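The values are calculated or read from the model by the stated rules, or taken from the named source; none is laboratory data. All values derive from a computational prediction rather than experimental measurement. When we count neighbours, we look across all protein chains shown, and the Cβ atoms used for this are built from the backbone with ideal geometry, even at glycine.
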Amino acid sequence: MPWIFSSAGRTTAPASSALSPGFHSGEPAPAVRLDAVSKVYGRGASAVHALRGVDLAIPRGSFTAVMGPSGSGKSTFLQCAAGLDRPSGGTVWLGDQELTALDETALTRMRRDRVGFVFQAYNLMPSLTVEQNITLPLRLAGRRADSDWLARITDQVGLTGRGGRRPAELSGGQQQRVALARALVTRPEVVFGDEPTGALDTMTAKEVLALLRRTVDDLGQTVVMVTHDPMAASFADAVLFLADGRIVDRMAAPTAERVADRMSRLGAWA
Ligand SMILES: Nc1ncnc2c1ncn2[C@@H]1O[C@H](COP(=O)(O)OP(=O)(O)OP(=O)(O)O)[C@@H](O)[C@H]1O
């Protein structure tokens, strides 16, 4: 399925019912779908239009980077797409579930069970071991860890044999690997990353990005990552460019050079 996006007008069929996000029957729903999503902070003369009618469909098993100048709406997009905040208008779907139709309790459960997050800050619990940190989302959901899956993701992020350590005994890159395993443990519909390598040196950042890439290639995970870094974006299958609350471009098979060039033309680093 292609990435479908538009901010100026609708390019996708409108959602017709709560369980049919407007795609042909038999075709799997995209992992994430936004229809005419807008977000306005404040009111009247001080209102800020952070998102302006974003239409977007992100295919399952893809790695998407979201870039744009400061203030273009990247964090707002992530917050609305991940169900951390509600848009002012439009609809957001996670798989076949419309997030914007859920009440707060259901939305909290949805985030906990079907969304993984990797932020710039690792947000690990210092008193818990690596394994306890990884399995925390399951314990919060009252679910047991599947030992095969736990072993697989621990291996995938290169932490086999380190399950008994505490976060303070790990490097920054290792801590971010724990955070990634924790994001994967519930087998989420989507892993959302907000500058996940922002606190890491270039070498370590590349290792973590390669891991994110492998979760897409080996585990079929869908990853959506906001970043300022063209090198980070080059690990994705596609880059979406936001400017002034609109998706203004998309680049497939990105390279760091082409992404940097596109960002310069958006005035990001003028
Ligand atoms: N809680 C808020 N209240 C009012 N305005 C906000 C709020 N959050 C964001 N904005 C405004 O919305 C616009 C988009 O902000 P957003 O944080 O989504 O951009 P961004 O692309 O993530 O920026 P950056 O790269 O600097 O983090 C900006 O003009 C910002 O000032």
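Output the residues belonging to segment 79-92 that are crowded, with 21+ Cβ neighbours inside 10 Å and within 9 Å of the ligand (Cβ to nearest atom). Let's see the steps before the verdict.
Taking segment 79-92 first, the residues crowded, with 21+ Cβ neighbours inside 10 Å are 80-83, 87, 92.
Across segment 79-92, there are no qualifying residues.
Please specify each residue of segment 49-78 satisfying the condition of being among the charged types (D, E, K, R), outside any strand (DSSP E or B) and within 13 Å of the ligand (Cβ to nearest atom). Reasoning before the result, please.
Looking only at segment 49-78, we keep the residues that are among the charged types (D, E, K, R), and these are 52, 55, 60, 74.
Cutting the leftovers down to outside any strand (DSSP E or B) gives us 60, 74.
74 - this is the single residue of segment 49-78 that is among the charged types (D, E, K, R), outside any strand (DSSP E or B) and within 13 Å of the ligand (Cβ to nearest atom).
Can you tell me which residues in segment 133-165 are part of a loop (DSSP other than H, G, I, E, B), surrounded by fewer than 18 Cβ atoms within 10 Å (Cβ to Cβ) and not small (Gly, Ala, Ser)?
Selection gives 143, 144, 146, 160, 162, 165.
So, in segment 38-48, exactly how many residues are of a type in the set (D, E, K, R) and within 9 Å of the ligand (Cβ to nearest atom)?
To start, the set of residues in segment 38-48 that are of a type in the set (D, E, K, R) comprises 39, 43.
From the residues that got through so far, the ones that are within 9 Å of the ligand (Cβ to nearest atom) too are 39.
Adding up the residues that qualify gives 1.
Hey, can you tell me all the residues within segment 65-109 that are within 29 Å of residue 231 (Cβ to Cβ) and in contact with a Pro (Cβ under 6 Å, 6 or more places away or on another chain)?
Scanning segment 65-109 gives a single hit, 80.
Only one of (1) loosely packed, with under 15 Cβ neighbours inside 10 Å; (2) free of Cβ contacts under 8 Å to residues at least 12 places away in the same chain; (3) outside any loop (DSSP other than H, G, I, E, B) is not met by residue 168, so which one is it?
Condition not satisfied by residue 168: (2).
Identify the residue in segment 199-254 that is among the polar types (S, T, N, Q) and assigned to a helix (DSSP H, G or I) and, among all such residues, is surrounded by the fewest Cβ atoms within 10 Å (Cβ to Cβ).
Initial filter on segment 199-254 (among the polar types (S, T, N, Q)): 202, 204, 215, 221-222, 227, 234.
Retained after the next criterion (residues that are assigned to a helix (DSSP H, G or I)): 202, 204, 215.
Details: 202: 10, 204: 17, 215: 22.
Here the answer is 202.
What is the number of the single condition among (1) touching a residue at least 60 places away in the same chain (Cβ under 8 Å); (2) among the small types (Gly, Ala, Ser); (3) away from the ligand (no atom under 15 Å from the Cβ) that residue 260 does not meet?
Of (1) touching a residue at least 60 places away in the same chain (Cβ under 8 Å); (2) among the small types (Gly, Ala, Ser); (3) away from the ligand (no atom under 15 Å from the Cβ), only one is false for residue 260: (1).
Report, by residue number, each residue of segment 1-52 that is modelled with pLDDT under 50, β-branched (Val, Ile, Thr) and surrounded by fewer than 18 Cβ atoms within 10 Å (Cβ to Cβ). So that I can check it myself, show each step before the final result.
First, pick out the residues of segment 1-52 that are modelled with pLDDT under 50: 8-23.
Filter once more, so that each one left must be β-branched (Val, Ile, Thr): 11-12.
Matches in segment 1-52: 11 only.
Within segment 201-210, identify whether any single residue is of a type in the set (A, V, I, L, M, F, W, C) and touching a residue at least 60 places away in the same chain (Cβ under 8 Å), and answer yes or no.
Our first condition is that a residue be of a type in the set (A, V, I, L, M, F, W, C); within segment 201-210, this holds for 203, 205, 208-210.
Cutting the leftovers down to touching a residue at least 60 places away in the same chain (Cβ under 8 Å) gives us none.
Within segment 201-210, none of the residues are of a type in the set (A, V, I, L, M, F, W, C) and touching a residue at least 60 places away in the same chain (Cβ under 8 Å).
List every residue pair whose Cβ atoms lie under 6 Å apart, where the two residues are 6 or more positions apart in sequence or sit on different chains, the first residue falls within segment 57-76 and is at positive phi, and the second residue, located anywhere, is among the hydrophobic types (A, V, I, L, M, F, W, C) and within 16 Å of the ligand (Cβ to nearest atom).
As it stands, the answer is 68/241; 68/242; 68/243; 73/50; 73/51; 73/242, since those pairs meet every condition given.
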